[in-house]
Amino acid sequence: MATKKKESLKLAEIDPRDLLAAGCHFGHRISRTHPKIKPFLYTSRGGVQIFDLIKTVEFLDKARKFIAQKVRDGEKILLVGTKRQARRIIRQVATETGMGFVNTRWLGGTLTNWEEIKKRIKRYQELKEKMEAGAFKKRTKKEQSLLRKELADLREKFEGLVPLEKLPAALFVVDIVREKIAVAEARKMGVPIVAIVDSNGDPSLIDYPIPANDDARKSVELIVKIIGEAIKEAQKLTVRKEEK
């Protein structure tokens, strides 16, 4: 009996000119260069490192294909970006694709103390459901105030983790220097990491590094959107597979 050929993933070609227009090629000042990022650099200009965008395209393509494969396998990705330039796009892409996200503050133990984190997520969901059902109205004003305060605190910390029923299959990170605790936890727990790595970062810490500017809003948004499109394409294939 002939086996059915697996439907291939169709991703739009990454145009280096788009990366150039978004400022993905700009790194930090030469004095802040991490020695292990040098193979990804093309030159320097005005004391600022310039990335080789041909390599950026190559590694971005590898990264998105890895994430897409995880999604095709039915897994969840956790998107992490707490810096101002990343918050909106991280939430947007995660919300559009049903993935987990952290865009305000990484809570220590999110991965290394996952069982306890799951309890807090459950508590958040329970309180949210009770509030929406009007159950808070039966309490005293003081109790209502305390419950609403608790709910607000839990929402800020755990809302983005609700889609995760277990540890994520991979982490996608914007700025590995800022998110060093998240990176350390993922490495400890054996969770693969995909990340934008600027010229001050160590790419050897990352399974799928994307050498690029992680400070400019346009650069961050473009790369996160490219990852988001890969997730969406993988989800389309998963849905078609389930329909057969």
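Computed from the coordinates by the stated procedures, all read-outs in this text should not be read as laboratory data. Remember, it's a predicted structure, so these values are computed and weren't measured experimentally. Neighbour counts are summed over all protein chains in view; Cβ atoms, including those assigned to glycine, are modelled from backbone coordinates with ideal geometry.
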**Fill in**
Mean Cβ-within-10 Å packing, highest first, puts peptides 17-23, 167-173 in the order 167-173, 17-23
**Fill in**
Long-range alpha-carbon pairs in region 108-234, meaning those over 22 Å apart, account in percent for 50 percent
**Expected 222 nm ellipticity per residue - DSSP helices of 4 or more, -39500 (n - 2.57), all of the chain, to 500** = -15500 deg cm²/dmol
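Going by average Cβ neighbours within 10 Å, how do the peptides 34-44, 59-69 rank, with the highest at the top? Walk me through the numbers on the way to the answer.
Values: 34-44: 14.4, 59-69: 20.2.
By packing density, highest mean first, the sequence is 59-69, 34-44.
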**Asked** Taking the DSSP beta bridges in the chain as the whole, what percent of them are antiparallel, to the nearest 5?
**Response** 30 percent
**Fill in**
Percent of all alpha-carbon pairs of region 112-162 at distances over 13 Å, whole number, is 57 percent
**Label-to-label distance, nm, for residues given as Arg17 and Thr140 (7 Å Cα→Cβ offset)** = 6.9 nm
**Item:** Whether region 1-128 is rounded, prolate or oblate, judged on the alpha carbon gyration tensor where a/c under 1.5 counts as rounded
**Value:** oblate
**Request:** Please sort 209-219, 73-83, 110-120 by packing, taking for each peptide the average over its residues of neighbouring beta carbons within 10 angstrom, highest first.
**Result:** 209-219, 73-83, 110-120
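Treating the beta-carbon of each Lys and Arg as +1 and of each Asp and Glu as -1, no other charges, what is the dipole magnitude of the chain about its Cα centre, to the nearest 20 debye?
Roughly 780 debye, rounded to the nearest 20.
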**Request:** For the chain, would you read off the P(r) tail past 26 Å as a percentage of all alpha carbon pairs?
**Result:** 44 percent
**Prompt:** Gain in length, Gln69 to Lys225, computed as 0.36 nm per residue apart minus the alpha-carbon separation, to one decimal in nm?
**Reply:** 54.5 nm
**Fill in**
Which of Lys10/Lys70; Lys65/Lys188; Lys70/Lys188; Lys76/Lys118 exceed 18 Å between C-alpha atoms? The answer is Lys65/Lys188; Lys70/Lys188
**Asked** Looking at region 155-244, which GluC sites (Glu not before Pro) are in a loop (DSSP not H, G, I, E or B) and have at most 12 other Cβ atoms within 10 Å?
**Response** Glu165
**Prompt:** Given a Förster radius of 41 Å and the C-beta distance between Ser204 and Met131 as r, what FRET efficiency does 1/(1 + (r/R0)^6) yield to the nearest 0.05?
**Reply:** 0.35
